[in-house]
1. What's the number of the condition D69 fails, among (1) in contact (Cβ under 8 Å) with a residue 12 or more places away in the chain; (2) over 18 Å from T139 (Cα atoms)?
2. Looking at (1) within 26 Å of Y104 (Cα to Cα); (2) assigned to a loop (DSSP other than H, G, I, E, B); (3) of a type in the set (V, I, T), can you tell me which one V30 breaks?
3. Need the failing condition index for T82 against (1) in contact with a helix residue (DSSP H, G or I) (Cβ under 7 Å, 6 or more places away or on another chain); (2) surrounded by fewer than 19 Cβ atoms within 10 Å (Cβ to Cβ); (3) more than 25 Å from R124 (Cα to Cα), just the number.
4. Collect the residues in region 103-151 that are of a type in the set (A, V, I, L, M) and over 18 Å from the mean Cα position of the chain (by Cα), keeping them in residue-number order.
5. Return yes when S64 is of a type in the set (S, T, Y) and touching a residue at least 24 places away in the same chain (Cβ under 8 Å) and no when it is not.
6. I'm trying to understand the selection: among the residues of region 55-80, which are among the aliphatic types (A, V, I, L, M) and out of contact with any Leu (no Cβ under 7 Å at 6 or more places or on another chain)?
7. Residues of region 1-34 being closer than 17 Å to E87 by Cα, of a type outside the set (D, E, K, R) and touching a residue at least 24 places away in the same chain (Cβ under 8 Å), which ones?
Amino acid sequence: MHQIFDITRTSRKILSQYLDSHSLEQLNKVPEGLNNNLIWNIAHIIVIQQRLAYKASGLPLNISKEMEDKYNMGSRPLTDVTQEEVEEIRSLLFETINQTKADYNNGVFKNYYEFTNGLGFTIRNIEDALSFNNYHEATHLGIMMTIKKFI
């Protein structure tokens with residue numbers, strides 16, 4: 001499991017570089033023909049990781065309900081985020097994965113509600129969830145690389 005968390009941490013470092021190298025305007029820009037922007041993808045990654053690990057384990061998420069609703073599956077950016085929101089997202093990038101690792105190491109994830117997602121992946125336990133999360137993050141990083149070409 002150590003490697004899965006290392007991969008996630010590397011993914012999060014790459015995502016934080018997008019926050020460092022793009023202006024607020026660039027982070028909020030939805031290119032023509034696309035449905036979302038850089039900052040939405042980063043926040044969405046945080047939300048889905050929390051849902052995969054905590055919600056499917058019957059545990060409270062480490063993010064607000066407002067954030068979960070705003071960046072969950074099926075959502076899209078309806079308003080621009082502020083610099084304050086960017087900073088919150090930046091801190092949650094690492095706080096959430098650090099908390100998840102600590103909770104995993106402390107045996108917090110005792111229950112897991114098995115499900116098959118829309119792509120056909122069956123997630124049976126926390127280990128499956130954390131593995132799938134890395135796939136999900138990589139998919140959205142690819143989307144972000146496309147968005148970057150158009151902003």
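The values are calculated or read from the model by the stated rules, or taken from the named source; none is laboratory data. All of these numbers come straight from a predicted model, not from anything done at the bench. Every residue, glycine as well, gets a Cβ built from its backbone with ideal geometry; the counts of neighbours run over all protein chains shown.
1. In the conditions (1) in contact (Cβ under 8 Å) with a residue 12 or more places away in the chain; (2) over 18 Å from T139 (Cα atoms), D69 misses (1) alone.
2. Looking at each condition in turn, V30 falls short on (1).
3. (1)
4. Correct list: V108, I151.
5. Taking the combined requirement at face value, the residue does not satisfy it.
6. A56, L59, L61, M67, M73, L78
7. Correct list: I14, L15, S16, Y18, L19, H22, L24, Q26, L27, N28.
A quick yes/no check of all residues on (1) in a loop (DSSP other than H, G, I, E, B); (2) farther than 25 Å from Q17 by Cβ:
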| site | (1), (2) |
| --- | --- |
| L61 | yes, yes |
| P77 | yes, no |
| T96 | no, no |
| H136 | no, no |
| M144 | no, no |
| K149 | no, no |
